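See below for the structure under consideration.
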Amino acid sequence: MNVYWFQDSKTGHLKQVQALLDQLKKEVELSITTINYSNQESFPDMLPNKNQFDGPSILIGAGHDVYSKILQAKKYLKKYTRKDIFSIAVLRPSYKLNSFDLIVAPEHDFRRKNLPINAISFKGSLAATSLTPVDESKAIIAIGGLSKHYKFDQEILMKQLHYILSMHPKHEFKIFNSRRTPDALNIKLNDELNIYPNATFIDLNSLKSDSFQDSLNKSSLKFVTPDSSNLVFEALSAKGQTYLIQIESPKYRRIFGAKKIRKSMNELVNSKRVGVVSILNKKGGIDISKIEAPSPHFEPLAEVEKVSCSIMKFINHQK
């Protein structure tokens with residue numbers, strides 16, 4: 001099966017489509033061509049041989065910039081083949097939803113909206129499921145940064161990190177930052193956390209950053225900031241316990257701005273799928289941190305497997 005993967009430059013979009021294609025490859029043989037619109041490549045230029053379609057084709061991608069290109073490409077290809085061509089939007093497009101054969105999107109994209117008949121929904125974000133046994137001595141802290149979802153307070157985060165490390169002196173921690181982590185916070189992470197012999201800060205730009213996925217899969221404790229839905233659901237797709245780190249003042253109340261990610265994180269907390277590291281305001285102005293553990297009964301999420309299965313059922317039904 002031919003796959004044309006329409007790409008933008010956003011890591012979160014790329015990782016989710018990659019996870020889905022990796023799962024689909026376990027069920028059917030794929031020939032994948034990437035089309036990167038950040039380089040302004042045109043679709044016809046990617047097809048030196050228009051007679052190469054010896055089977056059905058999938059046009060897939062995530063992100064506002066690529067959805068119109070997918071629909072344009074399907075119209076173009078219909079001129080050269082009678083084989084099935086399936087247009088698949090990963091994440092919810094803001095327009096022409098009915099023009100896609102399938103829309104693969106998180107449940108929170110359809111809050112207060114009816115689920116379209118051509119939509120497949122999933123929890124959170126798509127991530128490869130890991131059943132790798134965890135090492136009970138390993139732990140990871142994954143830090144996001146500035147976002148439209150949370151008021152990222154660097155001082156609160158640093159207090160929480162000190163608290164986490166002091167409460168788990170027997171665990172070996174790896175601390176990873178991200179592209180959104182502010183430079184001033186990176187300096188603090190490197191300078192202040194080196195007092196802990198059991199903690200190693202790994203900068204995104206270092207060679208050791210390639211160990212992130214392996215560390216995430218093998219760590220028994222996973223502490224993540226809630227500003228990135230992708231990051232949280234990657235952790236939940238592996239074994240071990242996941243905790244959300246409070247990064248806002250307990251006095252802060254958001255009135256405007258994006259709320260769907262916050263609601264998604266709150267649902268994880270309320271269902272005990274994740275634990276929390278939080279700050280409580282006590283009388284007299286004393287702030288006290290505490291850690292609440294998640295329920296031990298949840299298995300790793302397998303949303304990408306469910307979505308892949310649904311896509312294959314749809315394609316096979318069209319034959």
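Only the coordinates and a few stated rules stand behind these numbers; no lab work does. Just so it is clear, the model here is predicted, and its values are computed rather than measured. Every residue, glycine as well, gets a Cβ built from its backbone with ideal geometry; the counts of neighbours run over all protein chains shown.
Per-structure values
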quantity: Gained length - GLU192 relative to SER137, 0.36 nm times residue gap less alpha-carbon distance; calculated: 17.6 nm
quantity: Out-of-range pairs (alpha-carbon distance over 31 Å; input LYS151/LYS239; LYS174/LYS290; LYS15/LYS290); calculated: LYS15/LYS290
quantity: Amide H within-cut-off set for PHE201, under 5 Å, with H built and near neighbours excluded; calculated: ILE175
quantity: For the chain, size of Cβ-based charge dipole, Lys and Arg +1, Asp and Glu -1, in debye; calculated: 1280
quantity: Most positive-pole-ward Cα, ILE140, PRO226, THR34, against dipole of the chain from beta carbon charges; calculated: PRO226
quantity: Amide hydrogen neighbours beyond the local backbone of LEU146, cut-off 5 Å, H modeled; calculated: none
quantity: Rounded tilt (10° steps) of 11-24 against the dominant C-alpha axis of the chain; calculated: 60
quantity: Electrostatic dipole magnitude of the stretch 170-319 [Cβ: Lys, Arg +1; Asp, Glu -1; Cα centre; debye, to 20]; calculated: 700
quantity: Placed amide H near ILE32: partners under 5 Å, 5+ positions off or other chain; calculated: VAL3
quantity: Reachable aspartates and glutamates, given that their alpha-carbon falls under 13 Å from the alpha-carbon of LYS26 and they are not under 8 places away in the same chain; calculated: GLU305
quantity: Vicinal HN-Hα couplings computed from phi for the stretch 104-121 (Karplus, 6.51 cos²θ - 1.76 cosθ + 1.60; Hz; Gly/Pro x); calculated: 10, 8, x, 4, 5, 6, 10, 4, 6, 10, 6, 6, x, 5, 9, 10, 10, 9
quantity: HIS162 versus PHE298: modelled label distance in nm, points set 7 Å from Cα along the beta carbon direction; calculated: 3.0
